[in-house]
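Nothing in this text is a laboratory measurement; each read-out follows from the coordinates by a stated rule. Quick caveat: nothing in here was measured; it's all calculated off a predicted structure. As a convention, Cβ positions derive from the backbone with ideal geometry for all residues, glycine included, and neighbour counts pool all protein chains shown.
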Amino acid sequence: MKAAVLTIGDELLIGQIVDTNSVWIADKLTNLGFDVIKILSISDSPDAIAAAVNELMTQANLVVSTGGLGPTSDDRTKETLCKLFGGELQVHPPSLSLIEQLFQKRGLHLTETNRNQAFIPSSCIPVLNHHGTAPGMIFRKENAYLVSLPGVPFEMKDMFTQEVEPFLKQNFILPSITRITVNTFGIPESFLFDRLRSFEQFLNFSGIALAYLPGPSGIKLRLTARGDNLIKNNTLLDNAIEELKKVIGEYIYGFNDESLPVVLSNRLREKQATLALAESCTGGYLSHLITQLAGSSEIYKGGVVAYSNEVKQNLLGVNPELLSIYGAVSQQVVEAMLDGVFKIFNTEYAIAVSGIAGPTGATNNKPVGTTWIGVASKAERHVELYTFGNLREINIQRSAYTALFQLLKLISQS
């Protein structure tokens with residue numbers, strides 16, 4: 001079955017907001033068994049909406065659109081779809097009740113403008129919105145369906161998961177798709193591709209599709225098996241994972257939604273160990289990656305963002321002579337930062353990072369991207385030099401994830 005995603009809003013076209021809805025919807029549809037053939041963003045113009053809907057519904061069995069359902073004058077999707085599919089705008093009592101409850105909980109007066117949100121075309125199947133004022137709508141034209149949802153991401157996601165997904169499973173005969181994502185770190189994409197040439201031949205023979213998904217947090221390998229036999233799909237993927245481990249096992253740290261911070265935090269919990277950090281060029285980003293996880297206080301004691309040399313000296317106890325002789329971005333200073341972390345926090349493990357994120361601060365001997373990363377237990381430590389790229393934000397992310405991966409390796413080997 002073919003599917004398309006349509007996002008509506010002038011704010012998308014002028015770059016005012018980033019379209020995350022289409023990415024999320026496309027992933028959901030793919031997991032359900034649809035082949036997503038097109039993602040299209042258009043303006044709030046009624047002509048543009050009508051043209052896009054007509055075009056996509058001739059190309060796909062399902063179109064999922066978001067946006068243009070708000071209460072303001074620039075939200076024209078509902079009226080346009082009513083003209084397109086027929087019927088008239090009528091109040092939908094369950095949606096009106098939800099809107100009234102929402103305003104009552106917030107202690108707000110329900111205006112006529114918001115009450116009008118409960119009016120939807122009589123030609124549609126309503127989709128309830130438990131978190132906002134705009135109901136969703138499902139239309140059918142011959143053998144194709146259009147699902148229209150609000151553009152607010154958290155509203156859209158809840159509506160899709162709770163109501164749209166069950167509807168799609170009931171009204172479409174979809175193939176069984178089994179997918180697993182293998183999370184890797186520490187090997188460039190081109191090197192990884194070369195290592196996996198024979199493995200890809202194995203996958204072709206098994207009928208498994210492979211996709212490379214690179215990013216600052218590593219390269220994800222997405223393996224997909226299609227077929228009506230779920231047990232067979234799982235067996236094929238299990239065999240593929242075993243083969244993959246033989247080839248690049250040292251670079252694999254987790255699967256599916258297991259991020260590096262999650263895997264490292266879980267490993268620290270298993271060892272009943274704690275971690276503390278000393279960050280310079282990462283500016284607290286490492287701490288953020290750890291503390292964004294619920295329950296991080298169990299394994300994370302704290303950190304020092306030692307951005308200036310004064311803080312490195314006064315808080316971490318780095319000898320001023322080391323800074324003067326070797327500079328802040330050096331093995332010697334990172335070693336001293338690790339010592340300072342252990343002295344302050346008395347943890348089982350520590351990380352220290354110092355580098356030149358850019359775009360300024362470089363020297364002839366230390367270009368932008370030069371970064372020293374140290375990971376340590378009280379019995380063992382590894383301090384290594386890395387040279388990343390020229391982009392500040394990417395350098396910060398790569399430094400942080402490299403530090404997490406290096407510590408994970410140290411813990412695994414101890």
Just to be sure I follow the rule: in region 1-145, considering lysines 8 or more places apart or on different chains, how many pairs have Cα atoms under 18 Å apart?
6
Going by alpha carbons, how many degrees (0 to 90, nearest 10) lie between the helix axis of 46-59 and the longest principal axis of the chain?
80
Rounded to 5, the percent of DSSP beta bridges in the chain classed as antiparallel
60
Among M337, M156, M57, M1, which comes first, then next, by fewest other beta-carbon atoms within 10 Å?
M1, M57, M156, M337
Out of every Cα-Cα pair in region 177-255, what percent are more than 22 Å apart?
18
Enter the Cα centre distance for the pair region 7-37 and region 253-323, rounded to the nearest angstrom.
34
Most mobile of F342, F205, F388 in a GNM of the chain (Cα contacts under 10 Å):
F205
If I take every Cα pair under 8 Å that is 6 or more residues apart in region 260-413, average their sequence separation and divide by the length, what percent do I get for the relative contact order?
24
So how tilted is helix 93-106 from the main axis of the chain? Cα-based, degrees 0 to 90, rounded to 10.
40
Which whole-number percentage describes the relative contact order of region 2-171, with Cα contacts under 8 Å and a sequence gap of 6 or more?
22
For the chain, what's the relative contact order in percent, using C-alpha pairs closer than 8 Å and at least 6 residues apart?
10
Please report, in Å, the Rg and the Dmax of region 2-171, where both are computed over Cα atoms only.
15.1, 46
With a Förster distance of 60 angstrom and the Cβ-Cβ distance between T360 and N31, calculated FRET efficiency to the nearest 0.05 equals 0.85
Quick check: Cα centre of region 352-414 to Cα centre of region 111-133, how many Å?
52
The answer for the net charge of residues other than E100 whose Cβ lies under 15 angstrom from its Cβ, with Lys and Arg +1 and Asp and Glu -1, is +2
Counting other beta carbons within 10 Å of each residue's own, what order do W372, W24 fall into, fewest first?
W24, W372
Work out the charge dipole of the chain with +1 on the Cβ of Lys and Arg and -1 on the Cβ of Asp and Glu about the Cα centre, then indicate which of T371, P135, L338 is farthest towards its positive end.
L338
Suppose only helical runs count, i.e. DSSP H with n ≥ 4. What mean residue ellipticity at 222 nm does that imply for the chain under -39500 (n - 2.57) per run, divided by all residues and rounded to the nearest 500 deg cm²/dmol?
-12500 deg cm²/dmol
Just grab the label-to-label distance for M1 and E100, each label 7 Å out from Cα along the Cβ direction, in nm (one decimal).
3.5
Residues of region 184-202 with amide nitrogen under 18 Å from the 7 Å Cα-to-Cβ point of E250?
184-197
Treat the count of other C-beta atoms within 10 Å as a stand-in for reagent exposure and order T111, T371, T181 from fewest to most.
T111, T181, T371
Simple spin-label estimate for N54/T181, 7 Å along Cα→Cβ, in nm, reads 3.9
Based on Cα coordinates alone, diagonalise the gyration tensor for region 293-377, multiply each eigenvalue by 5, take square roots, and list the semi-axes in whole Å, largest first.
24, 15, 11
Could you give log10 I(q)/I(0) at q = 0.18 Å⁻¹ for region 1-92, computed by the Debye formula over C-alpha point scatterers of equal weight, without solvent?
-0.83
As I understand it, the value is the acute angle between the Cα axis of helix 21-32 and the longest principal axis of the Cα atoms of the chain; what does it come to in degrees, rounded to 10?
80
Rank I219, G186, S198 by how far each Cα sits towards the positive end of the charge dipole of region 181-260 (+1 on Lys, Arg Cβ; -1 on Asp, Glu Cβ) and give me just the farthest.
S198
With label points set 7 Å from each Cα along the Cα-to-Cβ direction at S308 and A211, the distance between them in nm comes to 4.8
Taking the Cα centre as origin and putting +1 on Lys and Arg beta-carbons and -1 on Asp and Glu beta-carbons, what dipole magnitude results for the chain, to the nearest 20 debye?
680
With a 10 Å radius around each residue's Cβ, average the other Cβ atoms per peptide and rank 142-150, 310-318, highest first.
142-150, 310-318
FRET efficiency for F191 and Q272 from the Cβ-Cβ distance with R0 = 30 Å, rounded to 0.05, comes out at 0.25
Using Cα extents along the principal axes in Å as the read-out, say which of (i) 66, 48, 37; (ii) 66, 64, 38; (iii) 80, 59, 43 was calculated from these coordinates.
(iii)
Among region 53-83, those whose backbone N falls under 17 Å of a label point 7 Å along Cα→Cβ from N143 are 56-63
Kindly work out what percent of the DSSP beta bridges joining two residues of region 260-413 are antiparallel, to the nearest 5.
60
